[in-house]
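Here's the structure we're looking at; comments come further down.
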Amino acid sequence: MTETNETPARSALVTGAGSGIGRATALAFAATGARVIASDIDPARLESLNDELGEGHVTVAGDITDPATIEKLGLAAGGRVDILANVAGIMDRFLPVGEMDDALWQKVFDVNVTAPMRLMRAVLPGMVDAGEGAIVNVASAAALHGGRAGAAYTASKHALIGLTRNTAVFYGPQGIRANVIAPGPVATGIEGGMASHLAAQRMGPLLKSMLPPPTTPDVLAEQIVWLASETATNINGAVLSSDGGWAAI
Ligand SMILES: NC(=O)c1ccc[n+]([C@@H]2O[C@H](COP(=O)([O-])OP(=O)(O)OC[C@H]3O[C@@H](n4cnc5c(N)ncnc54)[C@H](O)[C@@H]3O)[C@@H](O)[C@H]2O)c1
């Protein structure tokens, strides 16, 4: 057996990899030479991603809110994940709290908060053993403001920031960085319609007057890859807005 000094490829687990920001992120990590573990609820989307990724990567279809999917991802990762990008997320039809239904509230929190927490919990032991690891959680401009989405999405993305900062504090000394990226509008397949008269009346004009033009998923993907890279080494517990200046308004 020939010994080489080559370091093994880093493995990057990307959720929501079937579409939009997640898909672009999976491809961007693959372009850096990382071994990608791509997950999505939609098998057909993953199949198309797989064709583009080529060999050496893994796709795992399943609902990220199902603990069995998280088990499968751990196995696919061979027990070791260097980078976790929690990208999968869903919106909430812009429902204000007075029109909230419990099932939607729960679903949004399951996908946007509980699943990222469970994935972080699953990969942290390996990262702690390795003495390094990077987590990038995709929140939203709605994580920083009250006027960007409905009540469930807004609250869930605020919660994702708290979860990420807390993780940065607990695990930073063990070499793990956990950061948030907070995108403004991005041209993706996300279901972002308004199903509320109050939302259309109150939020509609606000958004119309301030909404920046959408950027592309590739722009977000490059920034997620950068946050996970050694170049971003001193950045931990940060919230990076990528919104064309929207957060400044
Ligand atoms: N598009 C935007 O304008 C925008 C703005 C701010 C934040 N974001 C955030 O960016 C992230 C990615 O969104 P996007 O715009 O690329 O959306 P998208 O809908 O294009 O892609 C999301 C992917 O996640 C998958 N997914 C959804 N629920 C899942 C589940 N339960 N289990 C596994 N996979 C699941 C979907 O199948 C889809 O392929 C989300 O967290 C979203 O909240 C998006």
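The values are calculated or read from the model by the stated rules, or taken from the named source; none is laboratory data. Being a predicted model, the structure only gives us computed values, none of them experimental. Here Cβ is always computed from backbone atoms with ideal geometry, including for glycine, and neighbour counts include all displayed protein chains. Just so you know, the surface numbers come from the protein's heavy atoms only, side chains and all, with ligands and any DNA or RNA stripped out. Shrake-Rupley method; radii C 1.70, N 1.55, O 1.52, S 1.80 Å.
See the values below:
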{"item": "The chain - percent of accessible surface contributed by carbon and sulfur, probe 1.4 Å", "result": "54"}
{"item": "Estimated [θ] at 222 nm from DSSP helical runs (n ≥ 4, -39500 (n - 2.57)) normalised by residues in the chain, nearest 500", "result": "-12000 deg cm²/dmol"}
{"item": "Computed over the chain: relative contact order in percent, which uses C-alpha pairs under 8 Å that are six or more apart", "result": "21"}
{"item": "Signed unit charges on C-beta, dipole axis of the chain, positive-most listed residue N236, N50, P8", "result": "N236"}
{"item": "Cα-projected label distance for D51 with D101, points at 7 Å along beta-carbon direction, nm", "result": "3.6"}
{"item": "Protection proxy ranking of 145-157, 199-211 - average other beta-carbon atoms within 10 Å, highest first", "result": "145-157, 199-211"}
{"item": "Protection proxy ranking of 62-70, 167-175, 113-121 - average other beta-carbon atoms within 10 Å, highest first", "result": "113-121, 62-70, 167-175"}
{"item": "FRET E, pair Q201, A130, Förster distance 51 Å, beta-carbon r, rounded to 0.05", "result": "0.50"}
{"item": "Under 15 Å from the N166 label point (7 Å along Cα→beta-carbon), backbone N, region 117-149", "result": "117-122"}
{"item": "Solvent-accessible ranking of E52, E191, largest area first, probe 1.4 Å", "result": "E191, E52"}
{"item": "Gain in span if fully extended, D63 to I249, counting 0.36 nm per residue against the direct Cα distance", "result": "63.4 nm"}
{"item": "5 angstrom amide H check on I235, placed H, neighbours 5+ away", "result": "none"}
{"item": "For region 124-168: relative contact order, % (alpha-carbon pairs under 8 angstrom, 6 or more apart)", "result": "31"}
{"item": "Average accessible area per residue (Å²) across the chain - probe 1.4 Å, nucleic acids and ligands excluded", "result": "48"}
{"item": "Dipole of the chain [Lys/Arg +1, Asp/Glu -1 at C-beta], most positive-end residue of G18, V128, A30", "result": "V128"}
{"item": "When the convex hull of its Cα atoms is projected in every direction, mean area for region 11-242 (nm²)", "result": "11.8"}
{"item": "Gain in span if fully extended, D42 to L211, counting 0.36 nm per residue against the direct Cα distance", "result": "57.9 nm"}
